[in-house]
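Beneath this line is the structure, given in structure tokens, with notes to follow.
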Amino acid sequence: MVEVKLHDVGEGMTEGEITQYLVSVGDSVKVDQPLVEVQTDKVSAELPSPVAGTVKAIKAEVGEVVTVGTTVIVLEKAGSREEQQSGAGKRAQVKSDMRKEQTSFKMRIEKSRPAEGTGRVLATPYTRRIALENNIDIEQVKGTGPAGRVTDEDVYAYRDQKDSSVPEEPEQREKEQQVTGHLPAVYETPESNMIPYRGRRKQIGKKMSHSLKTIPHVTHFDEVDLTNLIRLRDELKEETGSAPGAAAFFIKALAIALKDYPVFNAVLHEEKEQIELKKEYNIGLAADTEDGLIVPVVHHTERLSIAEIHTEIKRVLNLAKENNLTKKELSGGTFTVSNVGPLGSIGATPVINEPETALIAFHKTKKMPVVRNDEIVIRSMMNLSMSFDHRVADGAAAVAFTNRFAQLIENPAKMMLEMV
Amino acid sequence: MKTMTEIKTNKLTLVQAVTDGLRTMLREHEEVLVLGEDVGQNGGVFRATDGLAAEFGEARVMDTPLAEAGIVGTSIGLAINGFRPVAEMQFLGFVYPAYEQIMTHASRIRSRTLSRYSVPMVIRAPYGGGIRAPEIHSDSCESLFTHMPGMKVVVPSNPYDAKGLLIAAIEDPDPVLFMEPMRSYRAFKADVPEEKYTVELGKGAKLTEGEDVTVIAWGNMVSTAQKAVDQLKDDNISCELLDLRTLYPLDKDLIAESVKKTGRAVIVHEAPETGGVGNDVLSVINNEAFLYLRSPVQKVAGFDTPFPFFSLEEEYLPTPERITHAIKKAVTF
């Protein structure tokens, strides 16, 4: 028997959600044939078959979140001794194997049950009902009962703690009370729809709340005059028929500005009491896809020309749209850009993409009357919002950094001089 | 409406209540017949038909040869032709030769004839251990019959229910297996109305109200479970005791309502655990009250062996101690 286990398909992943099986029990499979699709925190990956053989058992259900190392599928290798056994003996063997595996599977689940509350938890149906009626995800509750079982009291304590620790908008609170106070309404009302909070959505949620909980965020706002950049792009278009998008210019300018202010291209190792200044300028692009936010990375922007950066941006965004990003394109980011201007935004307080130190959001460009040389003139202005980790840097540095960025982007000719 | 004081009652044992029920129906309906081995002159092996042959004659209370298949087959024929036979198996464990008649004819004639014929017959059968009987005499094989659609299975646990359920069974248009718990036959007396009354088939009874755990039993095991429930009062464990009274069809509402209230259940029966009616009760709990469970449902049952010789029968039968242990397990899970 060959056990196909969930392995780490992305950087440091610990668990994945089974989204669909591509084979059924009894199917013959070839080497490298995709067996199951798993949604990790970053990508949707297919686990290939390590051997040729037959699918003997499927060990996890669709929708189940399994930890790395958990057996997902059991295969019988083609030509194996087990396969040659016949009749009742074989069946008994399979049965006893299955039993063994089930036991160890269960043990693994229990052992790997993380303290912070992901994975399956032990709880009686009665306790589960209390959690359901209080709109509590029982898997988030830490159990204090025998073998870590979640008790009724644990659920009540969790509810009370949640109620007292989260200051909510009155309106939000009212909504929640409607839900918790009379739970069946949620299920009984035909108008309400339930969206599963799983997969990419849940991963985004976890990541965002962890970032906000651990990093003291400060957001600094500024405005940049893009008139010259727009003129340059128009000229390029006239001469060559095309021009790189504004984002490619922004990223190049960032790569230069980050060299001057390396503290924003850094990772804080709090426990080691060190701030690591990264030597690479790998810029992540927050991309909106059908499945939610994902951040592909343009690597080594310091080595690329603006045209090359433009090509690379187009490539990774296409991959993101098709959900085909690989581990390489999703890892190694040192600074993140959220280009929400095209969507119409004029301001935001973006959340830092851990473990990075800063993130910048570019907003809508619009023509505005501004004062230049004591005269009111029309210029193309763009707001930017830069969130940074206040443990690592201070406001003055952030202002200096965005000033430097503005200086480069407002004078594209000057930027050319500083490019490698 | 009569009040209790106006109803004339007699203190009867369970077996006397059976006799009373038979007499009531023999008097009331000419088509009611009693047949079985030694039920006539001898009054039956447990005297359940004592005096009936003298009162109603051998044409209505008749001795038969020692042939269970014949007794049941004859009863089926009589029932189809307008009689209401009440056949006696001397012990439930003797029913096996008649099983074919019951399984392939009695329980199916209604569906086979699209309800043109039904089989209004009752098979009375003493059952259960605790009276130091020889082999096969103590079998508790009710689940062979609850798995037989078309057949009702009824088990009284006290004299009042015995008369009321028996009359309801005789009046029922379909075949009923009426199981009489031998150990309870003469164990105690209770007030039984002289007049005719019925206890509805398919309805269980709540014997005691409780908060912590539902204890579900039938027949002999009701009094055993009652002892356990009483003992646990000292431990401040409040049990709700249900007497199912009918094993097919089960009173699902009663079971579900009680388990939803207490969140815990202990099922007690003396038949072997595997394939026992306890599993059907468990299935009702699973379907109707799953989200109310605070602990896994416990079963206290006979062991998966033939009923043992009498020197071991007290080891085999569920005891109050085994039941209290299971209840405590459920409550402290």
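In this structure, A:Met416 qualifies as closer than 15 Å to A:Ala253 by Cα, open to solvent by 80 Å² or more (accessible area, probe 1.4 Å) and aliphatic (A, V, I, L, M).
For the range B:118-130, state whether one or more residues are in a helix (DSSP H, G or I) and either in contact with an Asp or Glu (Cβ under 6 Å, 6 or more places away or on another chain) or crowded, with 22+ Cβ neighbours inside 10 Å (or both). No, that holds for no residue.
I'd like to check something: does the range B:241-257 contain any residue that is within 14 Å of chain A (Cβ to nearest Cβ) and in contact with a strand residue (DSSP E or B) (Cβ under 7 Å, 6 or more places away or on another chain)? Checking the range B:241-257: not a single residue is within 14 Å of chain A (Cβ to nearest Cβ) and in contact with a strand residue (DSSP E or B) (Cβ under 7 Å, 6 or more places away or on another chain).
Annotation: of all residues in the range B:309-323 being in a loop (DSSP other than H, G, I, E, B) and within 19 Å of B:Gly219 (Cβ to Cβ), the one that is nearest to the other protein chains (Cβ to nearest Cβ) is B:Pro318. Does the range A:400-408 contain at least one residue that is without any contact (Cβ under 8 Å) to a residue 12 or more places away in the chain, open to solvent by 50 Å² or more (accessible area, probe 1.4 Å) and in a helix (DSSP H, G or I)? Yes, the conditions are met somewhere in the range A:400-408. Looking across the range B:186-243, the residues that are in a loop (DSSP other than H, G, I, E, B), under 19 Å from the mean Cα position of the chain (by Cα) and more than 19 Å from B:Asp280 (Cα to Cα) come down to B:Arg186, B:Ala187, B:Phe188, B:Lys189, B:Tyr197, B:Thr198, B:Val199, B:Glu200. Within the range B:309-327, at least one residue is touching a residue at least 40 places away in the same chain (Cβ under 8 Å) and under 30 Å from A:Glu133 (Cβ atoms).
When restricted to residues that are open to solvent by 50 Å² or more (accessible area, probe 1.4 Å) and away from chain A (no Cβ under 14 Å), the range B:284-301 contains 1. Scanning the range A:60-79 for residues that are touching a Phe, Trp or Tyr at 6+ places or on another chain (Cβ under 9 Å) and either open to solvent by 30 Å² or more (accessible area, probe 1.4 Å) or within 12 Å of A:Ser28 (Cα to Cα) (or both) yields one hit, A:Val62. Can you pull out every residue in the range B:258-279 that is crowded, with 18+ Cβ neighbours inside 10 Å and either more than 12 Å from chain A (Cβ to nearest Cβ) or part of a strand (DSSP E or B) (or both)? Passing the criteria: B:Ser258, B:Ala265, B:Val266, B:Ile267, B:Val268, B:His269, B:Glu270, B:Ala271, B:Pro272, B:Gly276, B:Val277, B:Gly278.
Say whether the condition of being open to solvent by less than 30 Å² (accessible area, probe 1.4 Å) and within 24 Å of B:Asn220 (Cα to Cα) is met by at least one residue in the range B:65-77. Checked against the condition, which is being open to solvent by less than 30 Å² (accessible area, probe 1.4 Å) and within 24 Å of B:Asn220 (Cα to Cα), the range B:65-77 yields no hits at all. For the range B:324-333, which positions are away from chain A (no Cβ under 13 Å) and under 15 Å from B:Asp234 (Cα atoms)? Matches in the range B:324-333: B:Thr324, B:His325, B:Ile327, B:Lys328.
The values are calculated or read from the model by the stated rules, or taken from the named source; none is laboratory data. Fair warning: this is a prediction, and the values are worked out from it, not measured in the lab. Every residue, glycine among them, receives a Cβ derived from its backbone with ideal geometry; neighbour counts consider all protein chains shown. These accessible areas exclude ligands, DNA and RNA; they are computed on the full protein's heavy atoms, side chains included. Shrake-Rupley method; radii C 1.70, N 1.55, O 1.52, S 1.80 Å.
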